[in-house]
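Written below as structure tokens is the structure these notes are about.
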Amino acid sequence: MTIHAVKTSGGIWIPATDEDREAQQPLKIGQPYEITIKESRNYAFHRKGMALLRFLFDHWEPGQIGHTSEYRGVEIQKDFERFRKDLTILAGFYHPVWNVRGELRIEAESLSFGRMKEERFRQVYAALINVGWQGILRRVGYQSPEDVEQTLMHLGNFE
């Protein structure tokens, strides 16, 4: 179990999020536990990165004129997870793998809060904002990646 915590001025550690608070509930009071301390990523910046992806997804219109909206009788829908992976790959953050048929596949790097280092996530964020502006937001009137950043800051109240 991993729980993110914040040290208070009194030297007491408190859960960093509601999820962390819930995760520690089963632990018994007075029972000793081994804790490993490592500096965590900037959670607010991670939220901002996820908000950027959601913002881009909301402005993205998939498909091309003349293409069907069904595949084998099933309606084709937008999918956020596929979108996130595709945008991450377009931003240059991927690794090549072989699939079971012996074909090369390009897989997106995980943006998981616990798996990616802060500096790497900052690089991903900058690349995503550029790719998102060039491929999606420029078409709907955003003038520059900086314009996108300002809108995101305003909408999400990020610092």
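What number of residues in the range 60-89 are open to solvent by 60 Å² or more (accessible area, probe 1.4 Å), modelled with pLDDT of 90 or more and within 23 Å of Gln150 (Cα to Cα)? Final tally of qualifying residues: 1. For the range 34-55, taking the residues that are aromatic (Phe, Trp, Tyr) and modelled with pLDDT of 85 or more, the one that is surrounded by the most Cβ atoms within 10 Å (Cβ to Cβ) is identified as Phe55. Applying the criterion of being closer than 30 Å to Leu128 by Cα and among the β-branched types (Val, Ile, Thr) to the residues of the range 4-49, the residue that is nearest to the chain's Cα centre (by Cα) is Thr17.
For Ala108, state whether it is at negative phi, open to solvent by less than 70 Å² (accessible area, probe 1.4 Å), in contact with a His (Cβ under 9 Å, 6 or more places away or on another chain) and not acidic (Asp, Glu). In short, yes.
Restricting attention to the range 25-83, which residues are assigned to a helix (DSSP H, G or I) and closer than 30 Å to Lys7 by Cβ? Correct list: Tyr43, Ala44, Phe45, His46, Arg47, Lys48, Gly49, Met50, Ala51, Leu52.
For every residue, the table says whether it meets (1) in a loop (DSSP other than H, G, I, E, B); (2) farther than 30 Å from Ala16 by Cβ.
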position: Lys85; (1), (2): no, no
position: Val100; (1), (2): yes, yes
position: Phe113; (1), (2): yes, no
position: Glu119; (1), (2): no, no
position: Tyr125; (1), (2): no, no
position: Gly132; (1), (2): no, no
position: Asp147; (1), (2): no, yes
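The values are calculated or read from the model by the stated rules, or taken from the named source; none is laboratory data. Keep in mind that this is a model prediction, so the values were computed, not measured. Here the Cβ is made from the backbone with ideal geometry for all residues, glycine too, and neighbour counts use every protein chain on show. Note: accessible area is taken over every heavy atom of the protein model, side chains too, but ligands, DNA and RNA are not part of it. Shrake-Rupley method; radii C 1.70, N 1.55, O 1.52, S 1.80 Å.
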